[in-house]
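Down below is the structure, laid out as structure tokens.
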Amino acid sequence: MNGTLQGVATRKSKVKLESETLMSKVLRVVFLIIFDLGSIWFIRNAISLGFDQLAVVIGVILVMNTVIFLLPGAYPYRWMAVGLSFLILFVIYPIVFTVYVAFTNYGDGHLLTREQAIPLIEKTTYLPESGKSYSWTAFKTPSGDYALWLIAPDGKSYIAIPGHEIEPVTSGDPRIGELDAKGIPASIEGYKRLNTLLAATDKNLPNIKFGVEGGKTVQVRSPSEAAELAIRYKYDEATDAVTDQSNGDVYNNVQGTFTTKDGKTISPCMVSAWLQRAILGRAMDRSHRHHLDATRVVPQHGAHA
């Protein structure tokens with residue numbers, strides 16, 4: 001009788017153990033899938049931004065953990081998997097990367113990838129000879145839309161709203177509130193005047209083009225000036241060069257820095273070789289392949305502002 005009870009108890013214990021083991025396997029696989037998907041997402045983003053070395057390191061960690069948590073024979077290493085992952089990512093990789101960058105131009109002015117650098121270069125603006133400048137006052141709607149009240153040197157006033165043509169102010173315009181001593185209204189229909197300090201420190205204003213794209217536009221240039229600015233630098237992917245549209249100077253990619261024949265440079269510059277090879281791999285079949293393979297673009301503002 002006692003032997004029978006013991007046998008039943010043993011069988012129940014085995015069934016319970018098997019159930020717990022199955023649950024453990026399911027949880028392990030689920031967490032591994034989540035980890036692998038997250039790692040793959042990170043790797044794709046790292047590659048798209050040009051950080052190939054970091055992507056490789058994460059890939060190594062992904063493969064290592066997948067093998068450790070799937071193969072029964074690697075069971076003892078599961079206790080060390082997290083520690084090994086952090087060791088590779090925060091100790092081994094930084095040491096190897098530090099040694100690597102010691103032999104490249106990766107440093108101040110060479111910190112960005114080509115995809116990051118070129119847009120920054122092309123955001124640089126200048127005031128053409130035909131461009132006009134104005135004093136400005138900012139207005140804002142409750143929903144966050146902006147408008148500018150512009151006053152030209154000749155005293156004429158204008159209203160500038162993104163997506164709309166800049167229009168001169170006419171006397172008796174019902175949209176305009178009462179003017180102060182400086183000829184600036186307290187409000188414009190739907191817009192409330194911003195405090196001068198708040199407007200000067202608003203990081204959104206300098207990035208907004210007031211007016212119609214492709215036509216006449218005005219941008220905030222300083223806390224006291226808005227102007228009809230134009231894009232200064234134009235990048236040509238075919239020649240891997242930048243043209244200064246203000247004076248016609250051509251800046252060629254010289255070891256990661258856009259440089260003219262007389263030595264002028266654009267800031268920011270470009271990053272080192274491995275980053276450039278990663279992002280420009282699709283262009284390696286071009287006639288200037290050997291040149292591109294040795295450089296990495298990061299903008300520098302060494303040219304005229």
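The values are calculated or read from the model by the stated rules, or taken from the named source; none is laboratory data. From a predicted model like this one, the values you see are computed outputs, not experimental measurements. Here the Cβ positions follow ideal geometry from the backbone for every residue, glycine too, while neighbour counts run over all protein chains shown.
A few notes on this one:
- Just one of the listed residues (I176, I166, I118) is in contact with a Pro (Cβ under 7 Å, 6 or more places away or on another chain) and of a type in the set (A, V, I, L, M, F, W, C), and it is I176.
- Yes/no for R44 being closer than 30 Å to D236 by Cβ, of a type in the set (K, R), surrounded by 10 or more Cβ atoms within 10 Å (Cβ to Cβ) and modelled with pLDDT of 90 or more: yes
- Only one of the listed residues (V218, V212, V250) is of a type in the set (A, V, I, L, M) and under 25 Å from the mean Cα position of the chain (by Cα). That residue is V218.
- Strands (runs of 3 or more DSSP E) contained in region 109-172 and holding at least 3 residues at pLDDT 90 or above and aromatic (F, W, Y): 133-140
- Residue under evaluation A200, criteria (1) touching a Phe, Trp or Tyr at 6+ places or on another chain (Cβ under 8 Å); (2) surrounded by 14 or more Cβ atoms within 10 Å (Cβ to Cβ); (3) free of Cβ contacts under 8 Å to residues at least 60 places away in the same chain, criterion not met: (1)
- Residue check for G190: free of Cβ contacts under 8 Å to residues at least 12 places away in the same chain, surrounded by 13 or more Cβ atoms within 10 Å (Cβ to Cβ) and touching a strand residue (DSSP E or B) at 6+ places or on another chain (Cβ under 9 Å): no
Yes or no, residue by residue, for (1) touching a residue at least 12 places away in the same chain (Cβ under 8 Å); (2) more than 18 Å from L150 (Cβ to Cβ); (3) surrounded by 12 or more Cβ atoms within 10 Å (Cβ to Cβ); (4) outside the structural domain of S143 (by TED's automatic domain parsing):
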| residue | (1), (2), (3), (4) |
| --- | --- |
| N204 | yes, no, no, no |
| I208 | yes, no, yes, no |
| K216 | yes, no, yes, no |
| S222 | no, no, no, no |
| E225 | yes, no, yes, no |
| A241 | yes, yes, yes, yes |
| D244 | yes, yes, yes, yes |
| N253 | yes, yes, yes, yes |
| T259 | no, yes, yes, yes |
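- The set of residues from region 61-100 being surrounded by 15 or more Cβ atoms within 10 Å (Cβ to Cβ) and among the β-branched types (V, I, T) comprises I61, T66, I68, I88.
- Residue check, I118 over 30 Å from R28 (Cβ atoms), surrounded by 14 or more Cβ atoms within 10 Å (Cβ to Cβ) and of a type outside the set (D, E, K, R): yes
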